[in-house]
Amino acid sequence: MSIKKVTQHPSQNEGLIFERSQIGRVGYRLPKLDVDETPMDELIPAELRRTDDLDGVPEVSEVDVIRHFTRISTWNYSIDLGMYPLGSCTMKYNSRLNEKVARIAGFTNLHPLAPEEESQGALELIYELQNDLAEITGLPGVSLQPAAGAQGEMTGVMLIRAFLDRRDGEASKERRVMLIPDSAHGTNPASAALAGFTVKTIRSTAEGLTDMEHLKQLCDEGGVAGLMLTNPNTVGIFETNIKEICDTIHAAGGLVYMDGANMNALVGVARPGDMGVDVIHLNLHKTFSTPHGGGGPGCGPCCCSAELTEFLPVPRVAKDGESFRLDYDAPNSIGRVKAFYGNFGMMIRALSYIYTHGAEGLREATETAVLNARYVAEQLKDTFHKPYDSDCMHEAIFSHKNQSRTGVHTLDIAKRLIDYGFHPMTIYFPLVVEGAMLIEPTESVGRQDLDAFVEAMKDIDREAHENAQLVIDAPHSTRIGRLDEAAAARKPVLRWKPDMETLSTTA
Ligand SMILES: *Cc1c(COP(=O)(O)O)cnc(C)c1O
């Protein structure tokens, strides 16, 4: 469906800024020069001067620009507007204070190439954050360099590979199998493949847990370099056998990688290092404050056991007495994975988040996140099909089984939620649940919002049974209905081309 071609106030039907252009319109005028204009050729060499006219650049006034972007911003759904229960993404609201701290001029104006003696504060911040994340995960080696969760994963499996190569020498070539559960995030097998491993998939049990028999069988087949496990897993259930899982992998000569994207269910309560995990990545942009969604910068720290520390990326921040320095002296390091030290702004927000919560507060946030998800699970279990019986951790999973016979599927339920003022939950992930709806309320919603969400979901179920078409045609309240996502992906229109005739007639 395309944007409705009706004459409406532009707040309902905003075009591109290019389409608002009027030749000769400007945002401001400079005063006339009261000196001779220096001939241009004296200042700018000929080869650097453009020869064409700047056709097609929007010519708009200041108020045009302000209103255009303000109107578009009101079309967006954001965490500041309401609940964003996108499972596996931890879309929590974070205090503005963290943003304020990240904007302190001493941090934002610091050049990454500034000498160490002038960057002591920034280096200390990195050092402190590394220590705090080591404490939170129970894993002493930390690198803040990776720029996303997926890059943290790749860094982590590269550490495993470097460790095995050093331990086993030539024989390490025989150990190239990475075990990954069938419920895993798609980035896990991708990271394993990038680091040179082949993937074998472990089945899940009917309870949504790793199938121990299958795990042991795959270990017996040999060649196991390691396991990549998300805990709580992507159906929101804590792997209660985690100790035994780690022991089994270690006995087979492999290492355990934990995907820590779900740490919002564990921080301050349980530590992966204590469970036997060797290496983990965190998503600072999920669990530790930085807002995400929309492709901005991320930070995916990699935390590892003492025996893997020598392989971490360089440089690492070291402390000598009272001062801090960058340490490049790590001959076994896998090298750099990101320019400079990673995305520093996220580190400031994360440390601010940790300090403002304190140890007690971090634990409370985790407990509230789990409580909220269990509340939703409990309230909706008679209306929506719950594929697993176990208590969930920080996210609740349902399927469309009770609604699909009316013709209403997961996608329709998600689209209808938009009409009720909520961002949809994660849909069709993980793949092990047909028509999955993964709901993660996070700790930043109160009882009123949870109840409103539960009511909306129950209303949508009622509509599915009484007037399915209403749900199938949703959303009804947005400017654009359902997009042709396949066409958008295959034939994206990424560039506006000026229509010179239109431009000159509107002048
Ligand atoms: C988000 C997520 C990732 C990847 O993190 P990015 O920062 O998006 O690269 C990996 N695993 C799980 C389970 C996730 O939810």
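Quick notes
- Residue ID - nearest to the ligand (Cβ to nearest atom), chosen from residues in the stretch 260-292 that are within 15 Å of Thr240 (Cα to Cα) and either hydroxyl-bearing (Ser, Thr, Tyr) or assigned to a loop (DSSP other than H, G, I, E, B) (or both): Leu266
- Consider the stretch 150-177 and keep the residues that are touching a strand residue (DSSP E or B) at 6+ places or on another chain (Cβ under 6 Å) and small (Gly, Ala, Ser). The one that is nearest to the ligand (Cβ to nearest atom) is Gly152.
- Residue within the stretch 117-128 that is under 24 Å from the mean Cα position of the chain (by Cα), within 16 Å of the ligand (Cβ to nearest atom) and part of a helix (DSSP H, G or I) present: no
- Looking only at the stretch 14-69, and only at residues there that are polar (S, T, N, Q) and under 43 Å from the mean Cα position of the chain (by Cα), the one that is nearest to Arg479 (Cα to Cα): Ser21
- When the test is whether a residue is open to solvent by 40 Å² or more (accessible area, probe 1.4 Å) and outside any loop (DSSP other than H, G, I, E, B), Val57 does not pass it.
- Check on Val235, within 16 Å of the ligand (Cβ to nearest atom) and more than 20 Å from Leu438 (Cβ to Cβ): no
- Qualifying position, being touching an Asp or Glu at 6+ places or on another chain (Cβ under 9 Å), surrounded by fewer than 21 Cβ atoms within 10 Å (Cβ to Cβ) and of a type in the set (Val, Ile, Thr), among Val432, Val408, Val454: Val432
- His185 being in contact (Cβ under 8 Å) with a residue 12 or more places away in the chain, within 16 Å of the ligand (Cβ to nearest atom) and in a loop (DSSP other than H, G, I, E, B): yes
- Some residue of the stretch 283-302 being out of contact with any Gly (no Cβ under 9 Å at 6 or more places or on another chain) and buried (at least 24 other Cβ atoms within 10 Å of the Cβ): yes
- Residue check, Val337 outside the structural domain of Arg447 (by TED's automatic domain parsing), buried (at least 19 other Cβ atoms within 10 Å of the Cβ) and either touching a residue at least 60 places away in the same chain (Cβ under 8 Å) or out of contact with any Leu (no Cβ under 8 Å at 6 or more places or on another chain) (or both): yes
- Sole residue being open to solvent by less than 40 Å² (accessible area, probe 1.4 Å) and either part of a helix (DSSP H, G or I) or more than 23 Å from Pro430 (Cβ to Cβ) (or both), chosen from Arg161, Arg71, Arg166: Arg71
The values are calculated or read from the model by the stated rules, or taken from the named source; none is laboratory data. Everything numeric in this text was worked out from a predicted model, so none of it was measured. Note that each Cβ is placed from the backbone with ideal geometry, even for glycine, and that neighbours are counted across all protein chains shown. Ligands, DNA and RNA are stripped out before the accessible areas are found, and what is left, the full protein with its side chains, is counted by its heavy atoms. Shrake-Rupley method; radii C 1.70, N 1.55, O 1.52, S 1.80 Å.
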